[in-house]
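The values are calculated or read from the model by the stated rules, or taken from the named source; none is laboratory data. If you're wondering where the values come from, they're calculated on a predicted model, not measured in any experiment. Methodologically, a virtual Cβ is constructed for each residue, glycine included, from the backbone with ideal geometry; neighbour enumeration extends over all protein chains shown. All accessible areas refer to the heavy atoms of the entire protein, side chains included, with ligands and DNA or RNA removed. Shrake-Rupley method; radii C 1.70, N 1.55, O 1.52, S 1.80 Å.
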2 protein chains.
Amino acid sequence: MRKQLHVISDGKLSLEAFAEIAGEVEPFADRFHLREKHRTSRELYEGVKLLCNEGIPIHKIVINDRVDVAWACKTGVHLAFHSLPVRVVKTHFLDMPIGCSVHSPEEAEEAAKQGADYILFGHIFETDSKKGIPPRGTGSLEALKKAVEIPVMAIGGIKPEKVPEVLEAGADGIAVMSGILQAKDPAEAAKLFSKKLNEEGEK
Amino acid sequence: MRKQLHVISDGKLSLEAFAEIAGEVEPFADRFHLREKHRTSRELYEGVKLLCNEGIPIHKIVINDRVDVAWACKTGVHLAFHSLPVRVVKTHFLDMPIGCSVHSPEEAEEAAKQGADYILFGHIFETDSKKGIPPRGTGSLEALKKAVEIPVMAIGGIKPEKVPEVLEAGADGIAVMSGILQAKDPAEAAKLFSKKLNEEGEK
């Protein structure tokens, strides 16, 4: 299976700025997450429109936590511990693609059992957005992969040169925030990630 | 039409405490709003269960802003300016009862046009929860009533003795927060509001 590249908004850029970068990066990325915890549902709804206007296909858009916005816009949703349970979303929002952040093999198993379509696990390496919290490393990623059959995306401090190590540990893709959003040339950065993710064929 | 009494959570009580009061007050109230802006969707979802456990029928429960929680629990929803637009909720969440907070006749007309089932308008009188903001008074309520045909609930500093004045201005019901939640005997308070609301027959 092709390894995926998810780009996650950082909650700092304006939605316009994120949408603009997304437009440049689109050919190299598989998903764009609006992870904007401080924003209202109205703002997120408008944010999806901005992404669409930049040419992002709706199936590439993922909304964090707000299942209602995702449902109204027909995007995917990404759930965390404080969100509605995966099982509830699976039951009441038919056919919505569901991702889920987990922090242990047990949580991963539970999310898969409840019907999550993929899992996000991290942070793998040190990253500024999780300063002071020890990274989980690729060893724990490898352990988690053994617990579930659904795809596992790795997140946290992943640089292009680290991609082979992450794939070696079994990741089905990666999620990147600053590595693309803060790059001098986001499209070049995304292209490089994409190349690293798929250059060695089906791992 | 019977005049309605809505009880609105204040975001300060624990959900357990609110549910307990709701259970006592239930015979006298028509709607219970979970208006808990600081809470996660997971907490709200659990809050609905607490209300159900206290014997509140699901059709009496209204969730503020979180259309996803309302949809999953089959409750009504109450929208504000920062929420998903009424039209969007009407389109994508079929048959969900929709209330909408408005602050002018124009906003009321727009909400009604988009498909809101009722409107909440205030604050009518001075209230601690809107300290320093001048109340709108019953005159503006009367003006708003002329703009729309859907029911209008009045909110803000309404004491039992003020109910006749509010009904005189055309309110189809009232919403109360501290007047019931902070009453020594919430059930007695709700009973008095309910009596005042309907003692003079169909106004």
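Hey, got a sec? Which trypsin sites (Lys or Arg not before Pro) in the range B:1-78 land in a DSSP loop and have at most 16 other Cβ atoms within 10 Å?
B:2, B:12, B:37, B:74
For residue A:185, place a label point 7 Å out from Cα along the Cα→Cβ vector, do the same in each other copy, and report the separations in nm, one decimal, smallest first.
Ordered by increasing distance: 7.8 nm.
Go through A:113/B:74; B:3/B:184; A:60/A:184; A:12/A:131 and tell me which ones have a Cα-Cα distance over 21 Å in this structure.
Violating the 21 Å limit, Cα to Cα: A:113/B:74; B:3/B:184; A:60/A:184.
Quote the relative contact order of chain A in percent (integer), defining contacts as alpha-carbon pairs under 8 Å separated by 6+ residues.
Relative contact order, chain A: 22 percent.
Given contacts defined as C-alpha pairs under 8 Å and at least six residues apart, what's the relative contact order of the range A:1-64, whole-number percent?
It rounds to 41 percent for the range A:1-64.
Using the Karplus equation 6.51 cos²θ - 1.76 cosθ + 1.60 (θ = phi - 60°), what ³J(HN,Hα) coupling, rounded to whole Hz, does each residue of the range A:29-36 give in order, writing x for Gly and Pro?
Karplus-based 3J(HN,Hα) across the range A:29-36 equals 10, 9, 9, 10, 9, 8, 10, 9 Hz.
Based on the Cα atoms of the range A:4-201, what semi-axes does the equivalent ellipsoid have, where each is the square root of 5 times one gyration tensor eigenvalue, given in whole Å with the largest first?
Here the semi-axes work out to 23, 22, 15 Å.
List every residue whose amide H lies under 5 Å from the amide H of residue A:123, counting only residues 5 or more places away in sequence or on a different chain, with H placed 1.01 Å from N in the peptide plane.
A:136
Can you pull the mean other chain C-beta count within 10 Å for peptide A:79-89?
Taking the mean over all residues of the peptide, I get 4.
Just to check I understand the Karplus step: with θ = phi - 60° and J = 6.51 cos²θ - 1.76 cosθ + 1.60, what whole-Hz values come out for the range A:115-126, glycine and proline as x?
Taking θ as phi minus 60°, the curve returns x, 4, 8, 7, 10, 10, 10, x, 7, 6, 10, 4 Hz for the range A:115-126.
Can you work out which chain B residue has the shortest Cβ-to-axis distance for the rotation that carries B onto A, and give it in Å?
B:68, 2
If I build a Gaussian network model for chain B, linking alpha-carbon pairs within less than 10 angstrom, which residue out of B:138, B:75, B:40 has the largest mean-square fluctuation?
Result for chain B, Cα springs under 10 Å: B:40 fluctuates most.
Amide H neighbours of residue A:61 under 5 Å, at least 5 residues apart or on other chains, H built in the peptide plane: list them.
Result for residue A:61 returns A:32, A:76.
Accessible area, 1.4 Å probe, largest first: how do A:28, A:121 sort?
Heavy-atom accessible area, descending, gives A:28, A:121.
Provide the buried accessible surface between chains B and A in square angstrom, both chains summed, 1.4 Å probe, rounded to the nearest 100.
Separately minus together, B and A give about 1900 Å² buried.
Work out, in µm²/s and without decimals, the Stokes-Einstein translational diffusion coefficient of the protein assembly as shown at 37 °C, 0.692 mPa s, Rh from Kirkwood over C-alpha pairs.
142 µm²/s
Report, for residue B:106, each distance to the same residue's label point in the other copies, shortest first and in nm; define the point 7 Å along Cα→Cβ.
5.6
Taking each residue of B:68-77 in turn, how many C-beta atoms of other protein chains fall within 10 Å of its C-beta, and what is the average?
4
Please go through the range B:112-153 and write out the trypsin sites (Lys or Arg not before Pro) that DSSP classes as loop and that have at most 13 other C-beta atoms within 10 Å.
In loop regions of the range B:112-153 (DSSP not H, G, I, E or B), the sparsely surrounded trypsin sites (Lys or Arg not before Pro) are B:131.
Compute the accessible area per residue over chain A, keeping the other protein chains in place, probe 1.4 Å, unit Å².
46 Å²
Summing -39500 (n - 2.57) over the DSSP H runs of n ≥ 4 in the protein assembly as shown and dividing by its residue number, what mean residue ellipticity at 222 nm do you reach, to the nearest 500 deg cm²/dmol?
Theoretical 222 nm ellipticity from helices: -11500 deg cm²/dmol.
Hey, any idea what % of the protein assembly as shown's accessible area is carbon plus sulfur with a 1.4 Å probe?
51 percent
Please report, for residue A:142, the nm distances (one decimal) from its label point, 7 Å out from Cα along the beta-carbon direction, to the equivalent points in the remaining copies, shortest first.
7.9
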